[in-house]
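Below: the structure, in structure tokens.
Throughout, read-outs are computed from the coordinates displayed, never taken from laboratory work. Predicted model only: the values in this text are computed from it and were never measured. As a convention, Cβ positions derive from the backbone with ideal geometry for all residues, glycine included, and neighbour counts pool all protein chains shown.
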Amino acid sequence: MAKMRPYFQNYIDGGWCDGGAGRVDVINPGTGQKLAEQALADAADVDRAVQAARRVHASGVLTALRPIERGRMVQAMGRFLLDHLDALADLLTAEQGKPRWEAEIEVRGAALYFEYYGNQASTVEGRSIPLGSGYFDFTHHEPFGVSAQIIPWNYPLEMTARSLSAALTTGNTCVIKTPELTPLSNYIFAQAAEAAGLPPGAVNILCGWGHEAGAALSAHPGIDQVVFTGSVATGIAIATAAAQNVVPCVLELGGKSAAIVHEDADLEAFEKDIRWGIYFNAGQVCSAMSRVIVHESRHAELIERAARVATSLSVGPGAERREPGANMGSMVSEAQRDRAAAMVEAAQAQGARVITGGRKLNIPGAFLEPTVLGDVTPDMTIAQEEVFGPVLSVLSFRDEAEAIEIANGTPYGLVGGVFTRDLDRATRAAQKIRAGQVFVNEWFAGGVETPFGGYGKSGYGREKGREALWNYVQTKNVAVKIKGGHNERF
Ligand code: NAD
């Protein structure tokens, strides 16, 4: 890894600056050592960033562009990320803990958002509405203005890229509040915006405490829209703040997503889904496969296979895990790791059986063994609440109706999955699972092109896919009266 900068500043109105709330130490969770310091914004910094973004929006400089030109700038930002892939992946691994090869996947994934949305700039079209010969009526879409985006620590690059690319493509300006645990790699978006030729103030990136900078941003009267990815409790606070300003928000919250595995499923292939579904990014994925609900006839076999997958993973510092393979990095922090370990302990007290894992590694850093829990029942806390760690809960069912009932039996509804060779059964499950996305025979099937978002407490609004573009624009209807036409009103 290249020499580490000791201090990262915020980026407001085209300039790098210190924060009014001081600095925070960023810890490398793979070593437990301090990595760098990050400037922390206070409410006055947030205000400056919002004013800068407002000024650029009001100038009309972005909205005046032909969309294809704006799209080119957005695409250039993605290429800028790829030009810095190695340094960026190193930094991401160092601040977040994921294996280096997973960090590379994240950088490439972030770049893909800019490619995908930049490519769609000219497709945000209105329609004409027939009103007879006396009128010419059409709709068109205008950006909201200032888009406020509050980012979580699990995929700091991809989550910022997801909302920033769509917001810029549609002509908005942005203020981004990065996560306190993993703020460093987000510096790249400021450099990318400059390199792409965006005017100073179009993209502002600042870190700060959630309760201070995050709260100030989401309640700022100068923002026009909020995008939040994170926990349910914070989502409620942000939606409440947005309601006070009467601005829309998109909430991407947590999940307790379940795979239903039928007796005819290909369990050998399912081992891959376990590996990716719950151990990718050490399970710190909102759409993680945190529950498997398996037919009782295959329960014992599934438990055996899950334990084999979990124990096959070599767990240790992400920086030493450069090649894709059977390995897992640290969690993001010791606090998150301890929370997950405590949830495993509490599950045991409620009657769950630890098949494998559950313990912290006896080395510096935030490591938890890949864990499989058996004898989990739907009413247990571990089956209801998000762990956000490498902990798989295995439940069993007798018939299809019971499987669906268990899958839908939490307050969440982010994603779900069904594994079977029977098309009718798969389709019935796809109809009945209450979630924004259903995977059939492959967990995480889909991509930046497919809409993603929650039912229930997993949030509302959609990110990814064409659907996401509509979060960033409002519809204006224009009705033109034509003299000499048929102008009857009713
Ligand atoms: P969090 O809610 O604690 O923090 C997320 C962001 O919100 C951080 O930037 C934080 O500083 C900020 N924040 C905290 N309090 C705030 C407040 N009062 N006002 C404004 N901003 C505030 O969540 P986290 O611990 O960083 O992330 C983990 C959670 O995020 C999990 O529940 C996970 O499921 C969810 N998540 C969801 C998705 C998704 O796309 N659905 C993606 C990633 C993470």
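Which whole-Hz couplings ³J(HN,Hα) result when phi for each residue of the stretch 133-143 is put into the Karplus expression 6.51 cos²θ - 1.76 cosθ + 1.60, θ = phi - 60°, listed in order with x for Gly and Pro?
Taking θ as phi minus 60°, the curve returns 6, x, 9, 10, 10, 8, 10, 8, 10, 10, x Hz for the stretch 133-143.
Please work out the C-alpha center-to-center distance from the stretch 152-195 to the stretch 345-401 and express it in whole Å.
What the calculation gives is 33 Å, centre to centre.
Using Cα pairs under 8 angstrom and six or more residues apart, how large is the relative contact order of the chain, in percent?
18
Going down the table (LYS98/LYS464; LYS177/LYS272; LYS98/LYS457; LYS177/LYS476; LYS360/LYS464; LYS432/LYS476), which pairs top 32 Å between alpha carbons?
Numbers: LYS98/LYS464 23 Å; LYS177/LYS272 35 Å; LYS98/LYS457 27 Å; LYS177/LYS476 29 Å; LYS360/LYS464 35 Å; LYS432/LYS476 36 Å.
Result: LYS177/LYS272; LYS360/LYS464; LYS432/LYS476 exceed 32 Å.
Give me the aspartates and glutamates in straight-line cross-link reach of LYS483: C-alpha distance below 18 Å, same-chain residues under 8 apart excluded.
Leaving aside aspartates and glutamates fewer than 8 places away in the same chain, those within reach of LYS483 are ASP137.
Run down the aspartates and glutamates and flag those whose C-alpha is under 15 Å from the C-alpha of LYS256, throwing out any fewer than 8 positions away in its chain.
ASP379, GLU385, GLU386, GLU405
Angle check, please: helix 299-312 long axis (alpha carbons) against the longest principal axis of the chain (alpha carbons), in degrees 0 to 90, nearest 10.
Orientation of helix 299-312: about 80 degrees from the principal axis.
In nanometres, what is the gap between the two model label sites at ALA326 and GLU402, each 7 Å from Cα along Cα-to-Cβ?
The answer from the label model is 3.3 nm.
Multiply the residue gap between GLU467 and LYS360 by 0.36 nm, knock off their C-alpha separation, and tell me the result in nm, one decimal place. Walk me through the numbers before you get to the answer.
Numbers: separation 107, 0.36 × 107 = 38.52 nm, distance 4.10 nm.
Separation in residues times 0.36 nm, less the Cα-Cα distance, equals 34.4 nm.
Which FRET efficiency, nearest 0.05, do SER59 and ASP137 yield, Cβ-Cβ r, R0 30 Å?
Computed FRET efficiency for SER59 and ASP137: 0.50.
For the chain, just the Cα set please: Rg and Dmax, both in angstrom.
Answer for the chain, Rg first and Dmax second: 23.6, 84 Å.
Calculate the length of the line joining the C-alpha centroid of the stretch 438-490 to that of the stretch 1-67, in whole Å.
31
Among DSSP bridges having both ends in the stretch 91-246, what percentage is antiparallel? Round to the nearest 5.
5
Report, for the chain, the % of DSSP beta bridges that are antiparallel, rounded to 5.
Working: 27 of 69 bridges.
Around 40 percent antiparallel, to the nearest 5.
If amide hydrogens are placed 1.01 Å from N in the peptide plane, which non-local residues have theirs closer than 5 Å to the one on VAL203?
CYS174
I'd like the GluC sites (Glu not before Pro) in the stretch 401-490 restricted to DSSP loop residues with at most 13 other Cβ atoms within 10 Å, sorted by number. Each step should come with its number before you reach the end.
Working: sites: GLU402, GLU405, GLU442, GLU449, GLU463, GLU467, GLU488; in loops: GLU442, GLU449, GLU488.
Here the sparse-neighbourhood loop sites are GLU449, GLU488.
Nearest 10 degrees is fine. How inclined is helix 334-349 to the longest principal axis of the chain, computing both from alpha carbons?
The angle comes out near 50 degrees.
Using the alpha-carbon atoms, what tilt in degrees (0 to 90, nearest 10) does helix 423-432 show relative to the longest principal axis of the chain?
60
Computed FRET efficiency, Cβ-Cβ of THR123 and SER297, R0 41 Å: what is it to the nearest 0.05?
In this case the efficiency is close to 0.25.
Take the Cβ-Cβ distance between ASP18 and HIS486 as r, set R0 to 60 Å, and report the resulting FRET efficiency rounded to the nearest 0.05.
0.40
Quick check: residue separation of LYS3 and ALA87 times 0.36 nm, minus the Cα distance between them. What number comes out in nm?
So the extension gain works out to 29.3 nm.
If the cut-off is 12 Å between C-alpha atoms, which aspartates and glutamates fall inside it for LYS34, apart from same-chain ones fewer than 8 positions away?
Of all the aspartates and glutamates, those that pass the test against LYS34 - Cα under 12 Å, at least 8 places apart if same chain - are ASP25, GLU95.
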